[in-house]
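The values are calculated or read from the model by the stated rules, or taken from the named source; none is laboratory data. Everything numeric here is computed off the predicted structure, so don't read it as measured data. For neighbour counting, all protein chains shown are included, and Cβ atoms are generated from backbone atoms with ideal geometry for every residue, glycine included. We work out accessible area using only protein heavy atoms, side chains counted, and drop any ligands, DNA or RNA first. Shrake-Rupley method; radii C 1.70, N 1.55, O 1.52, S 1.80 Å.
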Amino acid sequence: MSHIVFRCFIVLLLLLPAGAEAVMELSVNPGSVSMDVIVGGTVSRALTISNTGPMVHSYSLMTIPTQVLPDLKSYYRFNGELEDLVGVGTAGNANASYAADRNDNAQSALSFNGTSALQTDDPGLENTFSVSFWASPDNSGTPIAQGYYSYGLNTSYLLGPDWGGTGIRAGFGIALIKEGIMLIEHAHGYMPCLLSYSANLTGWHHYTVVFQNHHPTLYIDGLMVATGLVSQRQITYLSGTYGAFIYGSYAGRLDDLCIFNSALTSDQALALCQYTEGSRYSFQSAYGSVESGQQTVAALMMTDSSLPVGSYNDVLTLCQRGPAPEYIQIPVSLDVVAFGPMAPQNVSVSKLADGDIRLQWNPVTQNTNGEPISIGHYTIYASPATYPLPGYQVLGSSSDTWYVIDGDLLAGDRWFFYVKAESGMAGD
């Protein structure tokens, strides 16, 4: 039995892109969840996602600064998957592998070896857009000088600039080496370096590239460091191939790639760099789909067991994915405490005459420090196999020391149950 306890509350707030009509047909339950966890421990909570609309909806659960949600077009998290958590696409992978991210979380960033590539869906963005990402380059070299005649023919392209043709268009790309970063356009007989910034970029850094009014602006680690030359083409469009490029390929790691259909502000660039809440939580699963009139259960997991005692107020996001995504914010109150309720003891399971299942246990009267404690309720979980707790389904809660489960809800011959003592009343 776990000694981890938590109270939960969720406050729902609908965010809509400017000019969009409200079409959010997904909802999340419970309506209120807050978490208490003993220092050094972790905790999970089931979230039920329901679809009240007439058609299937794709969803994702993610952690990202709320300041950037209205203009977020694509988000590739790279935590073991290539899903766009905002759109409905999946990036194509040519031999890129997974590696540790900046927080040393395994399989949580994408690694390029100089020949591998990642192809995203066509961003479809022209003249006004932003790209944000974390990167750690492996290649060294000499940065290309900034200038209309400084052609970017041999460098390390994190984002290869498409060939825009012979007319008024140019593709936009990003080259990154340990010694600097370059922003380059590409069309027929035209490949200028609109911005070149030299610095020691060894290791992980956060980058935000903003293109507006026909010229780029560069932020590194949340601070604006340079603005570039004005484009000589009428249309500059964002390219979509990362890693391998004919004029030089990238070697290194990439993480948390975000694409925006707006010019981010300095405050938004700083928020993306400084955001730390994402390292505290994960989801199982983080994305999926829900049929009309149906629901699915995902687990929210607090995974950072190194947090010191204290209170943390975070915001998670449920995204209804698609061309015009809709969002629900899920504020989470997390309290890391020194002591919590003991686990219930002497849990018994019996089958009633009508086929229902009765659980019973001794009351919890002490915390893990041996001090008296008053229990608000007990939460009951069930699973057909001995999964870790996130794989268990929440059946309900009881303010007594017993709980009856409808036998019709449990298909199969074998079930495992988990009872947790919790502070606060059920539903608080």
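To the nearest 0.05, what FRET efficiency results for Asn93 and Asp354 with a Förster distance of 56 Å applied to their C-beta separation? Once the sixth-power term is evaluated, E becomes 0.60. In segment 146-289, if the dipole is taken from +1 on Lys/Arg beta carbons and -1 on Asp/Glu beta carbons about the Cα centre, which of His186, Leu159, Gln146 is farthest to the positive end? So the residue we want is His186. Measuring nothing but protein heavy atoms, the accessible surface of segment 168-253 at 1.4 Å probe radius is 52 percent carbon and sulfur.
Shown here is the pair-distance distribution of segment 69-226: with all Cα-Cα distances grouped in 10 Å bins from zero up to the longest one, the shares run 10, 38, 40, 12, 0 percent.
Placing a pseudo-label 7 Å from each Cα along the Cα-to-Cβ vector at Asp413 and Thr265 gives an inter-label distance of 6.4 nm. Taken over the chain, the ratio of Cα radius of gyration to 2.2 N^0.38 Å equals 1.14.
Does segment 32-109 come out rounded, prolate or oblate, given a ≥ b ≥ c as the square roots of the eigenvalues of its C-alpha gyration tensor, rounded meaning a/c under 1.5 and, failing that, prolate meaning a/b above b/c? Here segment 32-109 falls in the oblate category.
Per residue, the accessible area of the chain comes to 42 Å² when a 1.4 Å probe rolls over the protein heavy atoms. Percent of accessible area on segment 44-153 owned by carbon and sulfur, 1.4 Å probe? Exposed carbon and sulfur together represent 45 percent of the surface. When shorter helices are ignored and each DSSP H run of at least 4 residues is given -39500 (n - 2.57), the per-residue value for the chain at 222 nm works out to -500 deg cm²/dmol.
DSSP finds beta bridges in the chain, and of those with both partners inside it, around 90 percent are antiparallel.
Centre-to-centre, using Cα atoms only, segment 314-377 and segment 290-305 are separated by 15 Å.
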